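Report on the following structure.
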Amino acid sequence: MRNIRLTIEYDGKCYNGWQKQPNKLNIQGEIEKVISSITGEEDINLIASGRTDAGVHALGQVANFKTNSQIPIEKFAIAINSKLKRSIVIKKAEEVDERFHSRLSCKKKTYRYIINNSPEGTAIYRNLETHIPQKLDLSQMKKAIKYFEGEHDFKAFKASGTSSKSSVRTIYKADIYQENEKIFIEITGNGFLYNMVRILIGTLVEVGEGKRAPDSIPAILDSLDRLQAGVPMPPQGLTLETVLY
């Protein structure tokens, strides 16, 4: 039995997230169908590093599956891409140790969120960023984001419906910077709860709008109360950038 690791890029705009669901278009299901068609195996189970929500994109999602197929590894990506929708691309296929597990072996993930902070927004990139016409105070947001770094209980920043037993996570690095009228927020951690990144950024935006003080973040974390944190940002500005092992 071979263990194949895929690095995947996708535009999540038209998909109901990564996870396979009946009667809903999803990333996992689309790729599994193609792998089954080229290997002749019906029981393909594609395991991702984590599930992305509906509308969220990926530049470097990682997933693995087991197969008895003898297709040469250098031809796997080509074969899968030839049958996939153009909104999903396999960037790399590698044969890995049988013990490798995309989710359990993962050490770090980096997410990036893009805010278009211009008055008029954009037509071309509207599905890859979120438009906020009101000028945000970047200096205040930079102060606030640093409170997220380190190990914390992020219960106040998770949406209901998560199956995680623990809400303790470690954020290794959290940065925010601006290029012209676009604001980029990058967060690297050992894992993320359901909607956690979008809620974190929604809270940062409220700081940028002057609705919260930067030093209010520790109290929100300590409260463990979802109602104390901000409203989740829309999904289209969010991209899973890299997954490290």
In terms of modelled amide H atoms, which long-range or inter-chain residues lie less than 5 Å from the amide H of Lys92?
Thr7
Pop out the ³J(HN,Hα) list for the range 117-128 in order, Karplus 6.51 cos²θ - 1.76 cosθ + 1.60 with θ = phi - 60°, rounded to Hz; leave Gly and Pro as x.
9, 8, x, 9, x, 9, 8, 5, 9, 4, 8, 10
For the range 27-66 the GluC sites (Glu not before Pro) that pass both the DSSP coil test and the at-most-12 other-Cβ-within-10 Å test are Glu42
Ignoring any ligand, DNA or RNA, what whole percent of the accessible area of the range 1-94 comes from carbon and sulfur when the probe is 1.4 angstrom?
47
Residues with amide H under 5 Å from that of Lys173, placed H, sequence gap 5 or more
Thr188
Please get the size of the charge dipole for the range 12-60, origin at its Cα centre, with Cβ charges of +1 on Lys and Arg and -1 on Asp and Glu, quoted in debye to the nearest 20.
260
Principal axis dimensions, largest first and in whole angstrom, of the range 89-244 by Cα
51, 40, 25
Please give, to one decimal in nm, the separation of the simple spin-label points placed at Gln178 and Leu104, each 7 Å out from Cα toward the Cβ.
4.6
Lys211 versus Glu41, label points 7 Å from Cα toward the beta carbon: distance in nm?
4.8
Report the gain in length on full extension from Leu227 to Ser160: 0.36 nm times residue separation, minus Cα-Cα distance, nm rounded to one decimal.
23.0 nm
If the cut-off is a Cα-Cα distance under 17 Å, which aspartates and glutamates reach Lys135, setting aside same-chain residues fewer than 8 apart in sequence?
Glu120, Glu179, Glu181, Glu206, Glu209
Computed ³J(HN,Hα) along the range 142-148: with the Karplus parameters 6.51/-1.76/1.60, θ = phi - 60°, integer Hz and x for glycine or proline, the list is 5, 5, 5, 5, 5, 5, 7
Could you rank Cys106, Cys14 by how accessible they are, 1.4 Å probe, largest area first?
Cys14, Cys106
Which whole-number value in Å² is the accessible area per residue of the chain, probe 1.4 Å?
50
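The values are calculated or read from the model by the stated rules, or taken from the named source; none is laboratory data. Just so you know, these numbers come straight off a predicted model, no measurement behind them. In this analysis, Cβ positions are derived from the backbone assuming ideal geometry, glycine residues included, and neighbour counts consider all displayed protein chains. With ligands, DNA and RNA removed, areas are computed over all heavy atoms of the protein, side chains included. Shrake-Rupley method; radii C 1.70, N 1.55, O 1.52, S 1.80 Å.
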